[in-house]
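Since every read-out is calculated from the coordinates, none of them should be taken as a lab result. For clarity, every value in this text was computed on a predicted model and none was experimentally measured. When we count neighbours, we look across all protein chains shown, and the Cβ atoms used for this are built from the backbone with ideal geometry, even at glycine.
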Amino acid sequence: MCRSLLEKVTRADQLLKVAEPELLVLFEEWLEELAEEAAAVVKELGAADPAAVARRLKIPPAGTEFLLNKLRREGRL
């Protein structure tokens, strides 16, 4: 687990070094919009079924898992 976390931090640090700040802001805004859409789908379905949310948002299941975990951590699910 520590190795995985360290790899993620390293990748994030590398991204910050090469990406334009304006691009990062746009990405963060897009990610937040997508998270809001995922929360709305979960509310509509009455359950956080990753496969159903992935189909509705037309994103890969791994992306859906990321969004659902993010929403749970933030107390939004």
Going by average Cβ neighbours within 10 Å, how do the peptides 22-30, 58-66 rank, with the highest at the top? 58-66, 22-30
Estimated vicinal HN-Hα couplings, Hz - the stretch 21-30 in sequence order (Karplus 6.51, -1.76, 1.60; Gly, Pro = x): x, 5, 5, 4, 4, 4, 4, 4, 5, 4
Residue span residue 22 to residue 74: 0.36 nm per residue of separation minus Cα-Cα distance leaves a gain in nm of 16.3 nm
If you wrap a convex hull around the Cα atoms of the stretch 21-77, how much volume per residue is inside, in Å³? 73 Å³
